[in-house]
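Remarks on the structure that follows.
Since every read-out is calculated from the coordinates, none of them should be taken as a lab result. The structure presented is a predicted model; accordingly, all values stated were derived computationally and were not measured. Here the Cβ positions follow ideal geometry from the backbone for every residue, glycine too, while neighbour counts run over all protein chains shown.
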Amino acid sequence: MAAASSKQAERLDRRALGRALSRIANASVADALAGMRDSPNGARRIGITGPPGAGKSTLIGRLARQRLDNGAAVAVVAIDPSSPHTHGAILGDRIRMDAIADDPRLFIRSLASRGANDGLADNIADVLATLDGHPFDEVILETVGVGQAEYAVRSLTDTLVLVLVPESGDQIQAMKAGMLEMADIYVVNKADLPGAQKVASELKAVVKLRQRLAADWEPPVIMTGSPGTNDVATLNEAISRHLAFVQRTRNEDDVRRVRREYHLKSLLTRSVADILAKDPKGMDCSLREAFARVVESLKARQL
Ligand SMILES: Nc1nc2c(ncn2[C@@H]2O[C@H](COP(=O)(O)OP(=O)(O)OP(=O)(O)O)[C@@H](O)[C@H]2O)c(=O)[nH]1
Ligand SMILES: [Mg+2]
């Protein structure tokens with residue numbers, strides 16, 4: 001596996017990072033922009049998405065152990081749709097982190113999914129950019145798949161893992177093809193429950209169809225959660241393989257452009273939401289006038 005990384009030569013200052021993340025969580029758009037630095041050599045990003053309760057956090061707890069053993073310094077960020085800002089407390093409780101919680105190369109943070117309609121948090125791009133300025137090799141991002149989340153998280157991550165469960169059988173039928181086709185790796189978790197094999201077979205059929213369109217990467221379907229198997233090692237290996245594949249094949253400028261666009265849109269969306277909240281009566285006019293007013297207010301903002 002990967003040798004110990006150069007980034008570990010640089011020690012992670014947890015307190016400074018904790019402060020930086022708290023600052024960014026409460027920052028205005030102008031403050032966020034002022035504090036943003038470009039970090040061209042950011043961490044590799046692994047997205048873990050799937051329906052509520054699919055076992056994503058539990059799986060990440062086991063996966064993080066493997067990634068640490070590969071030699072990587074790892075940050076875990078979980079977007080929690082229900083919790084207020086918890087500074088990682090809820091996630092720490094919910095995933096079985098006992099064995100790794102003390103590892104100095106691991107950092108865990110959970111974020112409330114505020115103000116975003118894509119299942120992410122409206123400041124997730126700020127948070128990821130902040131992490132890029134710290135010595136992590138990898139960021140694991142947990143999001144609840146609520147349809148739109150897969151699309152957003154796709155553009156922000158290098159390797160996207162979709163976690164389904166045996167009960168997802170009907171979901172697979174109902175899911176839009178596009179959504180299912182977006183993942184790089186499929187996991188059928190809770191393989192100890194009945195129906196896992198059937199769901200895995202259905203997924204494999206979907207992947208086969210997709211393969212006819214794009215023959216470059218064959219997304220594996222991995223079953224996890226069966227006691228006594230080395231399932232997470234298989235997932236760990238598939239992730240490493242995919243990360244190496246994207247590094248070999250993609251255009252970094254394109255990736256940077258897409259991520260910058262996401263970041264820019266999220267900052268603009270927040271700015272517009274601010275303007276609308278401050279002057280709701282200002283919208284009592286034609287749509288055209290209201291649009292012009294918002295554009296004027298944006299222009300007048302101090303940056
Ligand atoms: N049977 C079985 N249960 C599991 C497995 N993995 C996790 N669970 C249970 O599933 C429940 C949800 O686990 P989490 O890891 O919190 O799932 P999650 O997808 O992170 O949940 P949300 O973040 O709330 O969407 C917990 O009660 C776990 O103990 C598994 O492999 N098999
Ligand atoms: Mg979770």
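Expected output is a single nm value to one decimal: the length gained when fully extending between K299 and R23, i.e. 0.36 nm times separation in residues minus the C-alpha distance. What is it? Walk me through the numbers on the way to the answer.
Values: separation 276, 0.36 × 276 = 99.36 nm, distance 2.48 nm.
Here the answer is 96.9 nm.
Ranking I79, I275 by Cβ neighbours within 10 Å, fewest first, what do you get? Please report the intermediate quantities before stating the final value.
Working: I79 24, I275 19.
Ordered by Cβ neighbours within 10 Å, fewest first: I275, I79.
The stretch between A244 and D274 holds 6.7 nm of extra length on full extension. This uses 0.36 nm per residue minus the Cα-Cα distance. Of M36, M223, the sequence from fewest to most neighbouring Cβ atoms within 10 angstrom is M36, M223. Distance between the modelled labels on A205 and D103, one decimal in nanometres: 3.8 nm (7 Å Cα→Cβ projection).
In this simple spin-label model, placing a label point 7 Å from the Cα along the Cα-to-Cβ direction at both D253 and R14 gives a separation of 4.2 nm.
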